[in-house]
Amino acid sequence: MKVFSTAGVSRSSRVGYWTDLNQSLFTPLRVEPSSSDTFDAEVRLESLGPAGMARIKSTPTSIVCGEEHVSKITRRRFSVRHVMRGQVVLNQYGREIRMDDGDFTLTDNTCPQQYTICEPTETMIFAIPDTLMKALMPYPEQLCGVHMSGQFGFGRTVTSMLQSIWDQVEEGVSVEAGPVIAKHFLDVLVSSYALAHRTDVEGSAIANARRIRIKRFIETQLRDPELTAAAVAEAFKISPRYLRMIFAKDNESVSSYILRRRVEECAREMRSCLSRSRTITEIAFSWGFNGAPHFTRSFRDHFGMTPKEYRLRHMQAASTALT
């Protein structure tokens, strides 16, 4: 088993060390700790044939994997992220969920995501190559960012099995046993999603596949002020009417989806300590808005307060947490 920790790294170098380590082990990303002075993290990892497991401890921080990061990824993987202790907020494929002790979800490393650790947290990750995942679940992207409770039914079976596998990993697993263990776990995982979210995987295979590709495209183009529903339809060579039909299942139009995701990304930047020097207008324009009044109205409609009020509230909360 490989173990890496910031414990032996100087305080001023820990964020850089953790960023480089994650990029070499997992995927390109950006680390935004709540406090660089108190940041601390550790990862323990082992392979199970084609799959891999990791157990991570971390103080509050945000892990951001944006368009500039996913464009560098050459090997696609899906990951089960299980919160063993603490609280995490995940944003991917237009979904934002909060996970507490025992919860888990599925993520896709080729789609932009943000993983915010809200308090000292311990998580477990089970990484799966896309070919293996899709052999059992044709469209796993539909379930990325979908909240799963580990307290009930097959969800509880999944988290119990993860813990059991990890216990075996710490004791030592033979090379031959790794692939067999991974296959058994994936069977249980797929069953848990099929029972809990059957409606999410039903419907036209062609429409499902296109909706997934369209959402991934939107997520990577959110900063482009020219990104509109018409531009999306043109990019995929489909009619605006057919585009509306594809999104009808989500009860959200393409334009509403784009607007919501831009507002959410602006809010994320306003919460980030790394963006303190940027004005609200600069942040809004960097995420595709081309007018301050429109941004303010859209932000208030979504969050129930102005951008200025939102930023001030989170800055005050961050200051209180550090005292």
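The values are calculated or read from the model by the stated rules, or taken from the named source; none is laboratory data. Treat the numbers as computed from the prediction; the structure is a model and nothing was measured. Using ideal geometry, Cβ is built from the backbone for each residue, glycine included, and neighbour counts are taken over all protein chains shown. Each accessible area value is taken on the protein alone, full model and side chains, heavy atoms only, with ligands, DNA and RNA left out. Shrake-Rupley method; radii C 1.70, N 1.55, O 1.52, S 1.80 Å.
With the requirement that a residue be without any contact (Cβ under 8 Å) to a residue 40 or more places away in the chain, hydroxyl-bearing (Ser, Thr, Tyr) and in contact with a Ser or Thr (Cβ under 9 Å, 6 or more places away or on another chain), what does the stretch 214-249 give you?
Residue satisfying the conditions is Thr228 alone.
Out of the residues in the stretch 146-160 that are among the polar types (S, T, N, Q) and either within 20 Å of Ala182 (Cα to Cα) or at pLDDT 90 or above (or both), state the one that is least open to solvent (accessible area, probe 1.4 Å).
So, considering only residues that are among the polar types (S, T, N, Q) and either within 20 Å of Ala182 (Cα to Cα) or at pLDDT 90 or above (or both), the one least open to solvent (accessible area, probe 1.4 Å) is Thr159.
Among the residues of the stretch 128-148, write down those that are closer than 18 Å to Lys215 by Cβ, in contact with a Ser or Thr (Cβ under 9 Å, 6 or more places away or on another chain) and outside any helix (DSSP H, G or I).
Within the stretch 128-148, Cys144, Gly145, Val146, His147 qualify.
Of everything in the stretch 67-90, what is closer than 16 Å to Gly145 by Cβ and open to solvent by less than 10 Å² (accessible area, probe 1.4 Å)? Give them in sequence order.
Phe78, Val80, Val83, Val88, Leu90
Of the conditions (1) farther than 23 Å from Glu265 by Cα; (2) open to solvent by 40 Å² or more (accessible area, probe 1.4 Å); (3) hydroxyl-bearing (Ser, Thr, Tyr), Ser36 fails just one. Which one is it?
(1)
Could you say which residue among Val190, Val232 is modelled with pLDDT of 90 or more and either surrounded by fewer than 13 Cβ atoms within 10 Å (Cβ to Cβ) or assigned to a helix (DSSP H, G or I) (or both)?
It is Val232.
Residues Arg268, Arg278, Arg244, Arg262: which one is within 21 Å of Glu67 (Cβ to Cβ), more than 24 Å from the chain's Cα centre (by Cα) and surrounded by 13 or more Cβ atoms within 10 Å (Cβ to Cβ)?
None of the others qualify; the one that does is Arg278.
Name the one entry in Gly145, Gly153 that is among the small types (Gly, Ala, Ser) and over 16 Å from Ser79 (Cα atoms). Quick ask: steps written out before the conclusion?
Numbers: Gly145 fails: over 16 Å from Ser79 (Cα atoms).
The conditions single out Gly153.
Name the single residue, out of those in the stretch 48-63 being of a type in the set (A, V, I, L, M, F, W, C), open to solvent by less than 10 Å² (accessible area, probe 1.4 Å) and in contact with a strand residue (DSSP E or B) (Cβ under 7 Å, 6 or more places away or on another chain), that is farthest from Leu189 (Cα to Cα). Before you say what the answer is, go through the steps one by one.
At the first step, the residues of the stretch 48-63 found to be of a type in the set (A, V, I, L, M, F, W, C) are 48, 51, 53-54, 56, 63.
Then keep just the ones that are open to solvent by less than 10 Å² (accessible area, probe 1.4 Å); that gives 48, 51, 53-54.
With in contact with a strand residue (DSSP E or B) (Cβ under 7 Å, 6 or more places away or on another chain) added as a condition, the list becomes 51, 53-54.
On the way: Ala51: 14, Met53: 15, Ala54: 17 Å.
So, considering only residues that are of a type in the set (A, V, I, L, M, F, W, C), open to solvent by less than 10 Å² (accessible area, probe 1.4 Å) and in contact with a strand residue (DSSP E or B) (Cβ under 7 Å, 6 or more places away or on another chain), the one farthest from Leu189 (Cα to Cα) is Ala54.
Answer with yes or no whether Ala135 is surrounded by fewer than 16 Cβ atoms within 10 Å (Cβ to Cβ) and without any contact (Cβ under 8 Å) to a residue 12 or more places away in the chain. Before you say what the answer is, go through the steps one by one.
On the way: surrounded by fewer than 16 Cβ atoms within 10 Å (Cβ to Cβ): yes; without any contact (Cβ under 8 Å) to a residue 12 or more places away in the chain: yes.
For Ala135, the condition - surrounded by fewer than 16 Cβ atoms within 10 Å (Cβ to Cβ) and without any contact (Cβ under 8 Å) to a residue 12 or more places away in the chain - is met.
Which condition from (1) polar (S, T, N, Q); (2) over 30 Å from Pro33 (Cβ atoms); (3) not in a loop (DSSP other than H, G, I, E, B) is the one that Thr296 breaks?
(2)
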